[in-house]
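K.L.:
Encoded as structure tokens, here's the structure I'll be asking about.
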Amino acid sequence: MAPIANIGHNAIHDCCGGLYLGRMSRHLLRYCVSGLAIVVGSGLAVAHHGTNVSYFQDQKIVLNGTVTEWAFVNPHPQLYFDAKNAQGQMEHWSAELLPTPLMMKNMSVGWTKKTIHPGDQIVLTCNPPRAAGAKACLAKELVVNGKSWPVVPGGIPTVTGGKQ
Amino acid sequence: MNRAALAGAFAAIVLSAQTKPDFDPRDLSGHWNRTSRYQTFSNVYSGQGPKDGTAEAPFTAAGKAKFDTNKPGYGPRAVPPAFGNDPMGTCDPLGIPRLLNTEVISPHQTMEIVQIPGRFIQFFEWHHDWREVFADGRALPKGDEVDATWNGTSVGHWDGNTFVVDSVGFDERTWLDKFGYPHSENMRLEERYRRIDKDTLELKMTLTDAEIYTRPWVSDTKIFKLDREKSKRWDEQIYCVPTEEYKFNQRVRDEAGGKSAGK
């Protein structure tokens, strides 16, 4: 898997500012919003109640946003947030995380209904949706108000393994 | 008794103690986590890995047609949940045998067995479901004598140290597994549970459903391991809540799949 943790803000802005745009397919470009990067690598097949097929698991985007809602419910916690696109327009996004019981059992680092609050600033790395124009993604790495939280088995901040 | 006889008696006692199982093979109680790999009913290909099963389901024409109408989110026929019809996606009960085939695995892996006089009860962590097997000597009703239910109507008996569960009367809306394998209301299921050591439970199943499968279909051997720590932890309350699931579908799954009704 690509070392997403090594991608800094410059790379993110370079991605969306044009430095790497020539290497990216038009298909990938539509996900490149402000403060967003795309990384191509190998994904993990972790149980997602059939949802994995909805996302490009070999691609990643990075979104900077402001949380509007955190739903820590079964079968998957969901994060809703606003993020600006490349044109500076605010877009509303959603992200799903690993199965809730898995997060409770295997990543008992404090995941609760109160872990994230509206207004929190996030940097979310996620697999983009296969549907054109959709604003939903599959969370892979998450930083909330500057603190990294594990969203896949393996801990903080980068994951290299998992199982179904 | 001379010294040689005493030594022999002592050796016999020691040998007896060594060969006596350190568990009761007729005690199946406890929390069990499935560890065998196949999440299908049998070892059909499910796309879960390069060494995945290769057997073919013995479909009838009607069975294959029903299989084709089921749109799972997993395996080689996976479609985005936005366009699928997995009963799990709407929090419908998963039923037997799907609860055994698919869902008793991480992250909601636990099946607890409780044995009480005349009954054998299985609790499933997913959806907080449970299933009763009557083991009081009553006969299994004929399939048309009972209404179809999610988990079927079951009776059990001991065959040596194997607990045999026979069931009829299954609601045909359930799938055998998360890959969309179907059954009809006329399915008859035999489950054979055997505790093969103090930490291991084995399950083999045979389903008979002439409408869907051309012959009795035998499962692979499901292996469960005893989770001794589970009973010491707080219940995780893994319900599937329809109102929450509906919102999740509408706001995330449908959006990701290109069928969004808005967030």
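The values are calculated or read from the model by the stated rules, or taken from the named source; none is laboratory data. For clarity, every value in this text was computed on a predicted model and none was experimentally measured. Virtual Cβ from ideal backbone geometry, glycine too; neighbours counted across all protein chains shown.
K.L.:
Only one residue in B:228, B:233 is within 14 Å of chain A (Cβ to nearest Cβ), over 19 Å from the mean Cα position of the chain (by Cα) and at pLDDT below 95, so which one is that? Show your work before the answer.
P.N.:
Working: B:228 fails: within 14 Å of chain A (Cβ to nearest Cβ).
Going through B:228, B:233 in turn, the sole match is B:233.
K.L.:
Another one. Scan region B:29-44 and report the pairs whose first residue is more than 21 Å from residue B:120 (Cβ to Cβ) and whose second residue is surrounded by fewer than 21 Cβ atoms within 10 Å (Cβ to Cβ) and charged (D, E, K, R), with Cβ atoms within less than 6 Å and a gap of 6+ or a chain change.
P.N.:
B:35/B:225; B:38/B:220; B:42/B:220; B:43/B:220
K.L.:
Of (1) assigned to a loop (DSSP other than H, G, I, E, B); (2) touching a residue at least 24 places away in the same chain (Cβ under 8 Å); (3) more than 26 Å from residue B:24 (Cβ to Cβ), residue B:228 satisfies all except one. Which?
P.N.:
Of (1) assigned to a loop (DSSP other than H, G, I, E, B); (2) touching a residue at least 24 places away in the same chain (Cβ under 8 Å); (3) more than 26 Å from residue B:24 (Cβ to Cβ), only one is false for residue B:228: (3).
K.L.:
Answer yes or no: is there a residue in region B:47-60 that is buried (at least 21 other Cβ atoms within 10 Å of the Cβ) and under 30 Å from residue B:233 (Cβ atoms).
P.N.:
Checking region B:47-60: not a single residue is buried (at least 21 other Cβ atoms within 10 Å of the Cβ) and under 30 Å from residue B:233 (Cβ atoms).
K.L.:
Just to be sure, is residue B:223 assigned to a loop (DSSP other than H, G, I, E, B) and of a type in the set (Val, Ile, Thr)?
P.N.:
Working: assigned to a loop (DSSP other than H, G, I, E, B): no; of a type in the set (Val, Ile, Thr): yes.
No.
K.L.:
Somewhere in region B:122-141, is a residue surrounded by fewer than 18 Cβ atoms within 10 Å (Cβ to Cβ), acidic (Asp, Glu) and touching a His at 6+ places or on another chain (Cβ under 8 Å)?
P.N.:
Quick first cut of region B:122-141, residues surrounded by fewer than 18 Cβ atoms within 10 Å (Cβ to Cβ) only: B:123, B:128, B:130, B:132, B:134, B:136-139, B:141.
Filter again for acidic (Asp, Glu), leaving B:132, B:136.
Next, only the ones that are touching a His at 6+ places or on another chain (Cβ under 8 Å) stay: none.
Scanning region B:122-141, I find no residue that is surrounded by fewer than 18 Cβ atoms within 10 Å (Cβ to Cβ), acidic (Asp, Glu) and touching a His at 6+ places or on another chain (Cβ under 8 Å), so the answer is no.
K.L.:
Now for a different question. Given (1) away from chain B (no Cβ under 14 Å); (2) more than 24 Å from residue B:128 (Cβ to Cβ); (3) modelled with pLDDT under 95, where does residue A:153 come up short, assuming only one miss?
P.N.:
Every listed condition holds for residue A:153 apart from (1).
K.L.:
Can I ask one more? Please find, among B:244, B:190, B:185, the residue that is closer than 19 Å to residue B:94 by Cα, surrounded by fewer than 22 Cβ atoms within 10 Å (Cβ to Cβ) and in contact with a Ser or Thr (Cβ under 7 Å, 6 or more places away or on another chain).
P.N.:
Of the residues listed, the single one that is closer than 19 Å to residue B:94 by Cα, surrounded by fewer than 22 Cβ atoms within 10 Å (Cβ to Cβ) and in contact with a Ser or Thr (Cβ under 7 Å, 6 or more places away or on another chain) is B:190.
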